[in-house]
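The values are calculated or read from the model by the stated rules, or taken from the named source; none is laboratory data. Note that the structure is predicted; figures quoted are calculated from it, not measured. Ideal geometry is used to build each Cβ from the backbone, glycine not excepted, and the neighbour counts take in all protein chains shown.
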Amino acid sequence: MKKLSRVYLVLVFIVLYLPILYLIAYSFSQGTTMTNYHGFTWQHYRDLFADPRMLAIVADTLLVALLSSLIATLIGTLGALSIHRTSKRVTRDVLLSLNNILMVSPDVIIGASFLIFFTTLKVPLGFTSVLLSHIAFEIPIVVLMILPRLREMSPSLLCAAADLGATTRQQLNKIIIPFITPGIMAGFFMALTYSLDDFAVTFFVTGNGFSTLSVEIYSRARQGINLEINALSGVMFIFSLLLVGGYYLLQQGNAKRRQRSQEAAQ
Amino acid sequence: MTKRKTCGYFIPYGLWLGLFVIAPVALIVYQSFFSLDHHVTLANYATYFQSGVYLKMTLNSVWYAFLITLFTGLISYPTAYVLRQLKHRQFWLLLVILPTWINILLKAYAFIGIFSQDGVANSFLRFIGIGPQQLLFTNASFIFVATYIQIPFMILPIYNSLADLNPAYINASLDLGATRWQTFYRVIFPLTLPGVKAGVQAVFIPSLSLFMLTRLIGGNKVITLGTAIEEHFLTTMNWGMGSTIGVVLIVAMIIVMQLTNDHSGRSSQ
Amino acid sequence: MTQPMIELRHVTQRYGTHTILKDVSLALESGKFYTLLGPSGCGKTTILRAIGGFDQVTAGDIFFDGKRVNDLPANRRNVNTVFQDYALFPNMTVAQNVAFGLTIKKMPADKRDDEVAKALKLVRLSDYGNRAISALSGGQQQRVAIARAIVMQPRVLLLDEPLSALDAKLRRAMQYELRDLQQRLGITFLFVTHDQEEALAMSDDIFVMNAGEILQSGSPVAIYNEPVNHFVADFIGESNILPGHMVADYQVSFDNRTFECVDAGIPSNEPIEIVIRPEDLTLTDLDHAKLKVTIDNQLFRGDYYEIGATDDQGHSWLIHSVRATVEGQQVGLTFQPDDLHVMRLHEREADFEARLETYEEVEGTAHDEA
């Protein structure tokens with residue numbers, strides 16, 4: 001039984017990783033197709049890094065991701081704080097439900113409705129519309145990452161601070177913000193991945209001039225196999241690994257801190 | 001904290017709620033009442049409900065989403081269950097999450113290679129004596145790839161609910177004479193149902209709208225609600241009809257949410 | 001002696017390099033209320049888990065009615081457990097919880113419902129069958145957990161600190177209830193607790209444990225009056241423990257004085273420890289005093305005064321007295337020879353009992369002569 005379950009797990013992991021490894025393996029293959037390995041080459045990576053259009057798109061993608069994550073983290077933090085401070089249960093539930101709408105909506109609905117929205121307001125489609133959209137769909141995840149930390153914070157902590165003479169602003173700066181920083185960091189990371197991962201929303205609201213990696217991959221993939229995309233996926237895989245590693249270390253740090261505080265409490 | 005300062009915090013977030021949550025949903029509903037030539041009309045809804053094409057497309061889309069969710073669940077539950085018993089489960093869990101950080105388009109693109117005439121899938125079929133098949137641009141390949149992409153999103157909530165499960169329940173069940181299997185279907189599964197429901201939510205709704213997969217893998221043979229919306233908005237420019245389908249998708253989403261929301265769990269929180 | 005119903009022989013349990021149980025042996029007879037008592041982490045729950053079948057022991061054997069059951073899985077052992085946090089299935093009603101084991105056994109529905117009704121009546125929850133678990137108070141959940149276990153008619157009911165989550169008042173009430181239930185059902189209870197008062201109040205027999213070993217077993221009275229070592233004396237009840245040495249049989253020296261005692265069979269001059277319970281010390285005037293102490297502090301405890309004092313040798317004394325005294329005053333203390341309990345250092349329970357046997361006969365004749 002135990003052996004069987006291990007075999008099953010190994011199979012699942014093979015299925016999960018085979019396509020990704022396949023993709024990366026062929027980024028080193030001579031030739032132009034993802035069939036019959038033709039021998040090792042760096043050619044596709046050289047092509048990739050010599051492709052000014054691709055490099056510009058990578059830069060744009062990163063810019064949108066970083067900028068939108070930063071702004072979304074800021075707004076999301078303020079949002080989480082104000083939701084947490086809402087004393088009326090009904091209001092809070094309504095706010096939370098509204099917050100979650102973009103979390104559960106299918107991408108196409110977000111994309112289509114934003115497209116109508118930008119067209120109605122005559123916002124030009126391109127960098128601005130993509131950036132605004134990314135900020136918009138990243139905010140709710142930031143809020144959701146921060147709220148649990150706020151809930152974990154004992155109210156007596158603030159009372160104690162006030163009791164010791166801290167002003168409202170000092171309470172926020174010295175107590176609340178440091179306490180929820182892990183949540184803010186996690187929110188930022190999640191926002192970053194949401195942005196890098198998004199295709200559908202960007203596809204709807206990007207005009208002709210502006211493109212992100214996802215959109216570019218889509219249009220190239222529709223034309224068939226292009227091993228430059230494989231090289232790109234190799235680069236992105238490394239990038240993802242770094243991001244995951246960073247996120248993991250962050251979480252481990254949190255877990256350790258929590259464990260320590262629990263031990264201290266005992 | 002004074003009321004005024006609290007309001008100050010709320011302004012950016014409130015603006016976001018108004019502009020990017022409420023307004024777009026309102027706009028898509030509003031737009032659904034406009035015809036191609038900008039007249040207010042119910043014609044879009046009439047077309048949707050009267051022409052069999054749209055209804056059939058919706059049913060099809062729901063059916064595919066159902067299949068994708070079912071297969072994802074069947075694969076994910078045992079995976080989460082085994083993961084739960086591992087020693088370094090945090091590490092293995094991370095390995096489950098990692099593929100979700102790879103761009104979905106890249107994963108779809110990988111399958112274009114794998115399922116192609118001379119790809120590994122066909123090499124394998126040839127190897128076991130079935131011989132090469134047309135894999136790409138079939139319904140089966142669409143379901144396969146969609147399932148592949150959704151698996152981590154199903155494993156995670158199920159894993160979490162299994163991790164939350166107090167092991168004392170399992171001991172209590174064994175203590176009362178239940179076998180492992182009886183313990184599973186009488187205690188463990190019912191108690192982890194919220195996780196399964198969350199997984200269904202996370203998989204079913206996106207599966208209704210995976211238009212890029214239908215294009216890249218399904219070869220336009222499968223038309224989902226998402227494909228239809230994309231087509232009406234970006235190809236035929238019939239935003240009214242696209243919005244109407246969008247409203248249908250929103251309604252479908254609300255129904256799924258209602259069916260899968262864990263009311264008892266929420267009230268106890 | 002009849003064959004014990006449950007027996008552990010030389011059971012050792014290790015997790016990694018950590019030894020939880022060291023060569024534990026114990027035997028349970030039918031129809032008694034047993035308690036495993038010890039500080040948290042001493043291995044008492046591990047013994048329950050070994051008997052319940054949740055853990056495989058590293059070494060040693062477990063016997064049920066003389067049959068080795070080490071490899072019998074939990075679901076086939078016919079022992080049932082009341083878990084510390086009750087582990088009531090939250091997805092089932094009270095009645096469904098109680099019926100769970102019977103349903104598994106495939107008992108016919110009408111008979112099963114009768115049994116469930118009987119069990120619920122026994123724990124005085126007859127009208128609660130259709131309630132959700134979350135709608136019950138802690139004490140009620142506790143009783144459902146007991147009903148769910150006893151409905152199976154186990155050979156032994158294992159109770160893992162079942163009262164620890166209850167408040168003080170409910171706890172006392174449940175102590176009576178559990179004791180009463182055990183006597184009515186005649187099922188063996190093996191109760192785990194770290195609360196010595198609870199153990200003394202409820203048990204027929206107590207196993208005192210520390211650091212993976214059983215230090216002493218016996219009736220509450222025996223353990224209270226004749227603790228086998230420093231740990232047991234300190235853990236069970238409150239006590240004054242002083243170093244001293246044996247002068248001769250029935251004569252012991254501590255505090256630089258010699259006193260009459262009832263212990264014998266220990267070589268002269270052997271260093272020992274002496275135990276006097278605070279309630280055995282009586283305040284008296286200085287003329288009749290066996291010991292003279294100065295009162296340091298005094299707390300009113302309702303039915304007695306708890307008094308702290310120091311003697312001229314610098315030893316601290318704890319005294320329970322119904323009479324108040326005055327802080328700073330010098331008073332006398334007196335006690336009877338049989339209030340002194342002598343403990344040899346490093347004497348184990350078996351040695352202690354053997355020694356007791358050698359001189360109790362002699363003592364008996366001596367008393368007859370007197």
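Observations on the structure shown:
- You will find that of A:THR193, A:THR206, A:THR202, the residue that is under 26 Å from the mean Cα position of the chain (by Cα), crowded, with 19+ Cβ neighbours inside 10 Å, touching a residue at least 40 places away in the same chain (Cβ under 8 Å) and over 30 Å from B:TYR30 (Cβ atoms) is A:THR193 and no other.
- Only one of the numbered conditions (1) touching a residue at least 40 places away in the same chain (Cβ under 8 Å); (2) within 13 Å of A:ILE20 (Cα to Cα) is not met by B:THR69, and that is (2).
- Selection from segment C:322-333 of residues that are exposed (fewer than 15 other Cβ atoms within 10 Å of the Cβ) and on the phi < 0 side of the Ramachandran plot: C:VAL322, C:ARG323, C:ALA324, C:VAL326, C:GLU327, C:GLN329, C:GLN330
- Exactly one residue out of C:THR258, C:THR193 is of a type outside the set (Asp, Glu) and outside the structural domain of C:TYR34 (by TED's automatic domain parsing), and it is C:THR258.
- Positions within segment C:4-18 being surrounded by fewer than 21 Cβ atoms within 10 Å (Cβ to Cβ) and over 21 Å from C:ALA350 (Cβ atoms), in sequence order: C:MET5, C:ARG14, C:TYR15, C:GLY16, C:THR17, C:HIS18
- Flag for B:PHE153 being under 23 Å from the mean Cα position of the chain (by Cα), part of a loop (DSSP other than H, G, I, E, B) and more than 10 Å from every other protein chain (Cβ to nearest Cβ): no
- With respect to (1) touching a Gly at 6+ places or on another chain (Cβ under 8 Å); (2) loosely packed, with under 14 Cβ neighbours inside 10 Å, the lone exception for B:VAL40 is condition (1).
- Candidate set from segment B:169-213 (those that are within 11 Å of chain C (Cβ to nearest Cβ) and among the β-branched types (Val, Ile, Thr)); member that is farthest from the chain's Cα centre (by Cα): B:THR179
- Residue pairs meeting the criteria (Cβ under 6 Å; at least 6 apart or on separate chains; first without any contact (Cβ under 8 Å) to a residue 12 or more places away in the chain, in segment C:118-136; second hydrophobic (A, V, I, L, M, F, W, C)): C:SER126/C:LEU120
- When each of B:PRO99, B:PRO78 is tested for being surrounded by fewer than 18 Cβ atoms within 10 Å (Cβ to Cβ), facing another protein chain (nearest Cβ under 7 Å), outside any loop (DSSP other than H, G, I, E, B) and not hydroxyl-bearing (Ser, Thr, Tyr), the lone residue that passes is B:PRO78.
- Enumeration of residues in segment C:267-293 that are closer than 18 Å to C:LEU242 by Cβ and loosely packed, with under 15 Cβ neighbours inside 10 Å: C:ASN269, C:GLU270, C:PRO271, C:LYS292
- Only one of the listed residues (B:ILE28, B:ILE11, B:ILE68, B:ILE22) is at pLDDT below 90, of a type in the set (A, V, I, L, M, F, W, C), part of a helix (DSSP H, G or I) and under 30 Å from B:GLY246 (Cα atoms). That residue is B:ILE11.
Residue by residue, here is whether (1) of a type in the set (Asp, Glu); (2) surrounded by fewer than 14 Cβ atoms within 10 Å (Cβ to Cβ); (3) in contact (Cβ under 8 Å) with a residue 12 or more places away in the chain holds:
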site: A:PHE114; (1), (2), (3): no, no, yes
site: A:PHE118; (1), (2), (3): no, no, yes
site: A:LEU121; (1), (2), (3): no, yes, no
site: A:PHE137; (1), (2), (3): no, no, yes
site: A:ILE146; (1), (2), (3): no, no, yes
site: A:ARG151; (1), (2), (3): no, yes, yes
site: A:GLY165; (1), (2), (3): no, yes, no
site: A:PHE179; (1), (2), (3): no, no, yes
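- The C-beta contact set for segment A:51-70 (first residue over 21 Å from A:GLU228 (Cβ atoms), second residue surrounded by 13 or more Cβ atoms within 10 Å (Cβ to Cβ) and among the aromatic types (Phe, Trp, Tyr), distance under 6 angstrom, 6+ apart or interchain) comprises A:SER69/A:PHE188.
- The set of residues in segment A:85-97 that are surrounded by fewer than 19 Cβ atoms within 10 Å (Cβ to Cβ) and assigned to a helix (DSSP H, G or I) comprises A:ARG85, A:ARG89, A:VAL90, A:THR91, A:ARG92, A:ASP93, A:VAL94, A:LEU96, A:SER97.
- Residues of segment B:64-78 satisfying the condition of being among the polar types (S, T, N, Q), closer than 17 Å to A:VAL15 by Cβ and in contact with a Ser or Thr (Cβ under 9 Å, 6 or more places away or on another chain): B:THR72
- Restricting attention to segment C:89-113 and to residues that are more than 8 Å from every other protein chain (Cβ to nearest Cβ) and hydrophobic (A, V, I, L, M, F, W, C), the residue that is surrounded by the fewest Cβ atoms within 10 Å (Cβ to Cβ) turns out to be C:ALA109.
- Just so you know, in segment C:172-197 the residues that are assigned to a loop (DSSP other than H, G, I, E, B) and over 9 Å from the mean Cα position of the chain (by Cα) include one that is nearest to C:ARG9 (Cα to Cα), and it is C:ILE187.
- Residue satisfying condition, being in contact with a helix residue (DSSP H, G or I) (Cβ under 9 Å, 6 or more places away or on another chain), more than 7 Å from every other protein chain (Cβ to nearest Cβ) and assigned to a helix (DSSP H, G or I), within set B:GLY73, B:GLY131, B:GLY113: B:GLY73
- Residue match in segment A:39-54 (condition: assigned to a loop (DSSP other than H, G, I, E, B), touching a helix residue (DSSP H, G or I) at 6+ places or on another chain (Cβ under 8 Å) and not polar (S, T, N, Q)): yes
- Considering residues of segment C:119-159 that are part of a helix (DSSP H, G or I) and among the charged types (D, E, K, R) only, the residue nearest to C:LYS67 (Cα to Cα): C:ARG148
- Apart from one condition, C:GLU238 fits all of (1) without any contact (Cβ under 8 Å) to a residue 60 or more places away in the chain; (2) closer than 28 Å to C:ARG348 by Cα; the exception is (1).
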